[in-house]
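The values are calculated or read from the model by the stated rules, or taken from the named source; none is laboratory data. The structure presented is a predicted model; accordingly, all values stated were derived computationally and were not measured. Glycine gets a Cβ as well: all are built from the backbone with ideal geometry, and neighbour counts include every protein chain shown.
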Amino acid sequence: MTPMQRLQLFQQVLPAVTAEAVQQRAQQLYGFACQGSQSSPLLHLFVCGPTGSKNGENFDSLQGAQLPDILAAASESATRYEDKILVPDFLLPEEYITALVAQHNPTWVPLPADMTAQPAVETSEMGTRAVSKELNITVRRLDNGVRVIYKRTPYEKNQLSIEMHLLGGRACEGVVPGVKTGALSMGLQTAMESGLAEFSYDAIVRYCQLHDLDYDMRTGFEGSTLEITASTTQPTTGLRRSFELAHLMMTRLGLEEVALERNKRVLRTNFEADLKSLESRTSRAMLELLLCPASKAAPDTRFLGVTPDSADKLTLQDLRAAINVELTPDNLEVVIAGDFPEEELDEYILQYLGTLSAQGRERVWADEEAYAKLFQLDTCKRAIRARVEIPDDVVRSYVCMGFSSVNRWGVWHHVRDLWEDFPGGERQLDKRMRDHGDMFVSRCVALLSDVVNNRLYERVRERGGLVYSVDLSFDPLFYADVGFFVISLAPFPDKMDVAVQLVQTILADVQANGITEKELEASRRPTISEVRQNLERNSYWMSLMQGTNSQKYSI
């Protein structure tokens with residue numbers, strides 16, 4: 001069932017869902033707690049509690065017959081809930097935005113010549129709008145540095161997706177002044193639970209529920225993503241509420257001490273659980289080796305998860321400082337896909353994103369050479385192994401094999417991979433990239449990965465019977481100058497060495513002899529079918545458009 005089908009189904013049953021009906025059902029379901037099960041068909045009580053307390057009481061000493069009376073007494077003394085959450089109709093008054101527009105006078109600016117000169121692009125409005133004739137993708141830029149790329153799609157009716165991508169992320173840690181280890185990821189996670197502007201977290205959640213909105217914020221190695229999804233059943237109000245959220249997420253994120261402390265505890269709990277996980281420990285050990293070339297004494301921890309010790313050192317001031325560095329308009333690319341009126345979309349972008357200001361914030365993105373160094377990852381260039389042992393009741397084994405490759409644009413360690421063995425040499429490679437887009441190299445590698453995956457599955461698992469599972473994944477990074485291949489397998493403990501040796505033999509065979517036409521066709525057909533299906537999903541177009549208005553690359 002698609003999100004739109006779920007929405008339609010909900011709209012059909014909505015008239016029957018009244019407050020009285022919900023209240024009646026709640027009394028029936030929770031009567032065992034409210035009246036000690038005296039008026040509920042759920043007659044069995046299951047209660048968990050501590051074996052002892054500070055005053056010496058022992059939970060085990062309670063008799064089963066006492067529990068209904070205790071629960072009933074607690075229910076009678078409970079304070080009646082009062083809904084004090086104030087939910088506004090809109091998050092920003094019209095006069096507030098009108099004043100910002102008058103102050104900043106936002107405008108569209110002409111696009112770079114290398115974008116508008118492409119034969120497949122049609123320009124208008126004095127060079128401030130470029131539209132891909134074949135893909136119907138629109139590219140625009142604002143005078144405050146915000147880069148916008150969007151596509152109107154007919155597939156998901158009355159749905160809108162907005163992603164705001166900000167360069168930097170964990171790559172800034174320890175390199176850009178003011179960005180401490182883990183500050184950005186903890187900052188956005190804390191902001192997610194702290195509300196926006198003067199509105200509390202509960203008010204924002206209620207507001208989104210009432211108006212069919214959702215938002216998320218996260219940070220990775222290369223940058224941060226602020227994501228909004230909305231319904232455009234009523235285009236004007238749907239667009240306005242979406243861009244109100246976007247404006248506040250860029251300018252007035254809340255940060256509360258209680259949310260930060262809660263996230264620190266959750267991080268420590270999850271981190272300690274990962275230490276007991278064979279898969280997590282092995283994966284981390286592999287990354288530590290891969291990101292620790294011989295020239296370095298320690299791995300590049302920016303690509304690894306934040307540790308509890310690093311998080312415990314952070315304060316709200318550290319989080320705010322990191323957010324102020326990252327969330328600036330000149331560092332913002334906005335990607336939009338969905339069902340919307342284009343003229344109204346352009347107007348809301350001007351009003352709510354064109355009025356973003358970097359005044360009072362650190363601007364570090366003007367120097368391209370400086371930020372390019374952030375994304376240069378040194379990786380290990382020699383074979384190296386590590387063994388992880390974790391006490392467990394069951395004997396298991398897990399293997400991770402990793403090595404670096406090209407990124408999304410075919411770049412590998414600071415330069416474009418020239419593919420010296422490519423038929424026709426560099427000239428033919430350039431032609432293919434002009435004909436098929438700048439992701440030609442990474443798409444070829446992705447298809448090759450699928451072929452190798454099929455060969456691994458057939459020979460190691462099916463015919464060899466050596467593993468429970470085996471998988472090869474290819475992760476081409478966007479801005480960093482590498483991508484990563486990772487092969488993970490769960491071999492039978494007594495066959496681990498044989499399984500690893502067979503995987504290495506298969507990879508060596510592919511490197512020496514390549515793949516067959518039959519293997520290629522077996523992977524190409526389902527890939528084409530999958531792409532055709534994905535072309536009717538907004539999320540797929542969002543992933544394709546990301547980064548193309550920030551760099552000189554084409555889809």
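Numbers at a glance
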quantity: Given (1) in contact with an Asp or Glu (Cβ under 9 Å, 6 or more places away or on another chain); (2) at pLDDT 95 or above; (3) part of a helix (DSSP H, G or I), number of the condition residue 246 does not satisfy; calculated: (1)
quantity: Close pairs from region 344-356: first part of a helix (DSSP H, G or I), partner buried (at least 21 other Cβ atoms within 10 Å of the Cβ) and of a type in the set (Asp, Glu), Cβ under 8 Å, at least 6 apart; calculated: 352/244
quantity: Qualifying helices (runs of 4 or more DSSP H) (wholly inside region 495-555; at least 3 residues being crowded, with 17+ Cβ neighbours inside 10 Å); calculated: 496-513, 538-545
quantity: Residue that is nearest to residue 321 (Cα to Cα) [pool: residues in region 215-243 that are assigned to a helix (DSSP H, G or I) and polar (S, T, N, Q)]; calculated: 242
quantity: Filter pass, residue 205 being at pLDDT 95 or above, of a type in the set (A, V, I, L, M) and out of contact with any Phe, Trp or Tyr (no Cβ under 8 Å at 6 or more places or on another chain); calculated: no
quantity: Given (1) at pLDDT 80 or above; (2) of a type in the set (Val, Ile, Thr); (3) surrounded by 12 or more Cβ atoms within 10 Å (Cβ to Cβ), index of the condition residue 394 fails; calculated: (3)
quantity: Any chance residue 227 is surrounded by fewer than 19 Cβ atoms within 10 Å (Cβ to Cβ) and either of a type in the set (S, T, N, Q) or modelled with pLDDT of 95 or more (or both); calculated: yes
quantity: Any hit, region 331-345, residues being crowded, with 22+ Cβ neighbours inside 10 Å, more than 30 Å from residue 158 (Cβ to Cβ), under 20 Å from the mean Cα position of the chain (by Cα) and of a type outside the set (Lys, Arg); calculated: yes
quantity: In region 122-145, the residues that are assigned to a loop (DSSP other than H, G, I, E, B), closer than 17 Å to residue 542 by Cα and either among the hydrophobic types (A, V, I, L, M, F, W, C) or touching a Gly at 6+ places or on another chain (Cβ under 8 Å) (or both); calculated: 135
quantity: Residue that is modelled with the highest pLDDT [pool: residues in region 397-429 that are of a type in the set (Asp, Glu) and surrounded by fewer than 16 Cβ atoms within 10 Å (Cβ to Cβ)]; calculated: 426
quantity: Unique match (being farther than 23 Å from residue 347 by Cα and out of contact with any Ser or Thr (no Cβ under 7 Å at 6 or more places or on another chain)) among 200, 185; calculated: 200
quantity: Lone qualifier among 455, 443 - being within 25 Å of residue 494 (Cβ to Cβ) and part of a helix (DSSP H, G or I); calculated: 455
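This table checks each residue for (1) among the hydrophobic types (A, V, I, L, M, F, W, C); (2) touching a helix residue (DSSP H, G or I) at 6+ places or on another chain (Cβ under 8 Å).
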{"position": "436", "(1), (2)": "no, yes"}
{"position": "440", "(1), (2)": "yes, yes"}
{"position": "447", "(1), (2)": "yes, yes"}
{"position": "470", "(1), (2)": "yes, yes"}
{"position": "477", "(1), (2)": "yes, no"}
{"position": "494", "(1), (2)": "no, no"}
{"position": "499", "(1), (2)": "yes, yes"}
{"position": "507", "(1), (2)": "yes, yes"}
